[in-house]
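Below: one structure, written as structure tokens.
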Ligand code: UT7
């Protein structure tokens, strides 16, 4: 029997309108455009403004565009998974809200939380449903409203993050394209270096947690940096090695956009030139679960059927992973 694979048959991104530039950040905290640019590669990021605007707004816009682009009726969707670290609410799942907003009445839907590796975890999970043969259209969303958990008086974190998201459609194929291999890893001993202290069951919200700023991202930047550089490069190299892929075979590295220096180190390790690295960190910063689908969306018109892509990410948890994708379609 021919093996079924999950092919990405469309991608769509969404970023909110408001642009928060390095220049504006200079007026908010003790920083400079020069420091941010040289240490991270970021020039600006997008912020979702307005009352009652959660991550589902980002996901809904991305999925609506995806359905239009792929000529899909919402009721055809079998499953919608949303990778996010900033759900609209503790429950219900943001995926449920998105599915309802787009009219995906026949889909079951749930959230998946793996911080910055969330999209890769969700993509891999979604591909397994397709491979069973039972599910024909699976939508994978990666979206985060990071501005909702950022302290805009902390210069070490507020310069990095932004809001945005994207979505891909997965469908079965018998061709040699699609999600070819994935290696996902996690290590909970990394939690002290990158987390949010309160708002969960261990420390529910209280007057004190708000006063102490415990509902914001806590990050020990240089410790996370060291783990990220090593692990993202190692896992990307491992996926290439076990599939006998050289740097030349790879059309694009699609890295999580956390820091340009981490991306450069990964590309060097993979022996991939900078012209083959998808990059949009300068425009959107780190959108957590949104970075990789936003990259695919930005570069979609340059991708050809059969192109080998290595998607790689590292994030809180710690979580990290790499996915080998053979692109399934030519520019439309
Ligand atoms: O996406 C999920 C995973 N997250 C990551 O992968 C992030 C990994 N970490 C990083 O990207 C980097 O560690 C940061 C961008 C967060 C920080 O860059 P760094 O080069 O590691 O800086 P540092 O934390 O070692 O700080 C160096 C100096 C410090 O000053 P002193 O102590 O040397 O006087 C900081 O106070 O830079 C200072 N600094 C700043 N200066 C101007 C920190 N943030 C800023 C800032 N503007 N925004």
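All of the numbers you see were taken from the coordinates with simple rules; none came from a lab. Predicted model, so just to flag it, every value in this text is computed and none were measured. Note that we place each Cβ from the backbone using ideal geometry, even for glycine, and neighbour counts take in every protein chain shown.
Things worth noting here:
- Among 22-33, 166-177, 253-264, the order from most to least packed when residues are scored by Cβ within 10 Å on average: 253-264, 166-177, 22-33
- Working note: Cα gyration tensor of segment 39-197, eigenvalues times five, square-rooted, sorted largest first, giving semi-axes of 28, 19, 14 Å.
- Computed over the chain: relative contact order in percent, which uses C-alpha pairs under 8 Å that are six or more apart: 25 percent
- Computed over segment 7-127, the alpha-carbon pair-distance distribution with 5 angstrom bins reads 2, 10, 16, 20, 17, 13, 10, 7, 4, 1, 0, each value a whole percent.
- With contributions of -39500 (n - 2.57) from each DSSP H run of at least four residues, the per-residue ellipticity at 222 nm computed over the chain stands at -9000 deg cm²/dmol.
- Cα shape, segment 251-304, gyration tensor, a/c 1.5 rule: oblate
- Per-residue packing, averaged as other Cβ atoms within 10 Å, sorts the ranges 299-306, 280-287, 58-65 into the order 58-65, 280-287, 299-306, beginning with the highest.
- Taking the average, over residues, of other Cβ atoms within 10 Å as the packing measure, peptides 271-277, 112-118 rank 112-118, 271-277 from highest down.
- Isotropically averaged projected area of the chain, using the convex hull of Cα atoms (one quarter of hull area), nm²: 16.3 nm²
- DSSP bridge orientation in the chain - percent antiparallel, rounded to nearest 5: 70 percent
- Relative contact order, whole percent, for segment 171-324 stands at 36, derived from Cα pairs under 8 Å and 6 or more residues apart.
- Cα centroid separation, segment 183-233 to segment 118-152 (Å): 21 Å
- For segment 5-179, DSSP calls about 70 percent of its internal beta bridges antiparallel.
- Spatially, segment 249-300 and segment 32-79 are offset by 17 Å when compared through their Cα centroids.
- Pair-distance distribution of segment 157-293: all C-alpha pairs, bin width 5 Å, starting at 0; shares per bin in whole percent are 2, 8, 14, 17, 19, 15, 10, 6, 4, 2, 1, 0.
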